[in-house]
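The values are calculated or read from the model by the stated rules, or taken from the named source; none is laboratory data. Computed from a predicted model, the values in this text were never measured in an experiment. Here the Cβ positions follow ideal geometry from the backbone for every residue, glycine too, while neighbour counts run over all protein chains shown.
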Amino acid sequence: MLILSLPVLFLGYSLYQWYYTNEAVGNVGPNDSTGQLIVIASVLPFLILFYLFRLHTEIDESGIQYQFLPFHTSAKKIAWTEIDNCYVRTYKPILEYGGWGFKTSLGNGRALNVKGNKGIQIILKSGKKLLIGTQKPEQAKNVIALYLKESI
């Protein structure tokens, strides 16, 4: 949220300076509509991208499906037969993966998360690791326990 707040604060400050105090922000003055448009056009896509980030996860008898919008255009599926181990865990997003989003770490594999510090840790039979963030850790733990037992 801090990262998202900075451009919003900057844009709000700039609009205030231009339209209420009639003062320049950097090289962009209150009468420089081209400069103002460039500032707004450069901040707006950043805000829209953050708004579009969505992580959908579904766990059923066939496996785990996930879709991280806007990166995945369709859901990705991992069958239970491909999974060596799967469990819900608490992790340290910044220390383990360098933050939130679509991340890759040398020792920890890939992570897909948008907020929080709870995730579904998947270890594939190939040795690859994937962590999918979740806001419903207890539900995920119960469903994983049910289906992982059945697939063994």
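Anything in the range 84-109 that is surrounded by 15 or more Cβ atoms within 10 Å (Cβ to Cβ), at pLDDT below 95 and in contact with a Ser or Thr (Cβ under 9 Å, 6 or more places away or on another chain)? List them, or say none.
Glu96, Tyr97
I'm checking my understanding of the structure. Among residues of the range 116-129 that are over 16 Å from Gln65 (Cβ atoms) and in contact with a helix residue (DSSP H, G or I) (Cβ under 9 Å, 6 or more places away or on another chain), which one is surrounded by the most Cβ atoms within 10 Å (Cβ to Cβ)?
First pass over the range 116-129, keeping only residues over 16 Å from Gln65 (Cβ atoms): 116-118, 121, 123, 125-129.
Still in the list and also in contact with a helix residue (DSSP H, G or I) (Cβ under 9 Å, 6 or more places away or on another chain): 116-118, 125-126.
Values: Gly116: 14, Asn117: 15, Lys118: 19, Lys125: 10, Ser126: 8.
Checking each candidate, the answer is Lys118.
Mind checking whether some residue in the range 139-152 is farther than 25 Å from Tyr51 by Cβ, without any contact (Cβ under 8 Å) to a residue 40 or more places away in the chain and of a type in the set (Lys, Arg)?
yes
Could you check how many residues of the range 50-75 are touching a residue at least 40 places away in the same chain (Cβ under 8 Å) and of a type in the set (Ser, Thr, Tyr)?
So the answer is 2.
Suppose we keep only residues that are surrounded by fewer than 17 Cβ atoms within 10 Å (Cβ to Cβ) and outside any helix (DSSP H, G or I) within the range 130-152. Which one would you say is modelled with the lowest pLDDT?
Ile152
Among the numbered criteria (1) part of a helix (DSSP H, G or I); (2) assigned by TED's automatic domain parsing to the domain that holds Gly101; (3) among the aromatic types (Phe, Trp, Tyr), which one does Tyr16 miss?
In the conditions (1) part of a helix (DSSP H, G or I); (2) assigned by TED's automatic domain parsing to the domain that holds Gly101; (3) among the aromatic types (Phe, Trp, Tyr), Tyr16 misses (2) alone.
Among the residues of the range 35-47, is any touching a residue at least 60 places away in the same chain (Cβ under 8 Å) and either in a helix (DSSP H, G or I) or assigned by TED's automatic domain parsing to the domain that holds Phe102 (or both)? Even if it seems obvious, please write down each step before you answer.
Step one: filter the range 35-47 for residues touching a residue at least 60 places away in the same chain (Cβ under 8 Å), giving none.
No, because not a single residue in the range 35-47 is touching a residue at least 60 places away in the same chain (Cβ under 8 Å) and either in a helix (DSSP H, G or I) or assigned by TED's automatic domain parsing to the domain that holds Phe102 (or both).
Please count how many residues of the range 98-109 are farther than 14 Å from Ile120 by Cβ and outside any strand (DSSP E or B). It would help to see each step written out before you state the result.
So the first thing to find is which residues in the range 98-109 are farther than 14 Å from Ile120 by Cβ, and the list is 98-107.
Applying the additional criterion that residues be outside any strand (DSSP E or B) yields 98-100, 106-107.
Total meeting the criteria: 5.
Determine the pairs where a residue that is farther than 17 Å from Leu37 by Cβ, located within the range 1-24, has a partner that is at pLDDT below 90 and surrounded by 13 or more Cβ atoms within 10 Å (Cβ to Cβ) with Cβ atoms under 6 Å apart, the partner being 6 or more residues away or on another chain.
Listed pairs, sorted by first residue: Leu4/Phe50.
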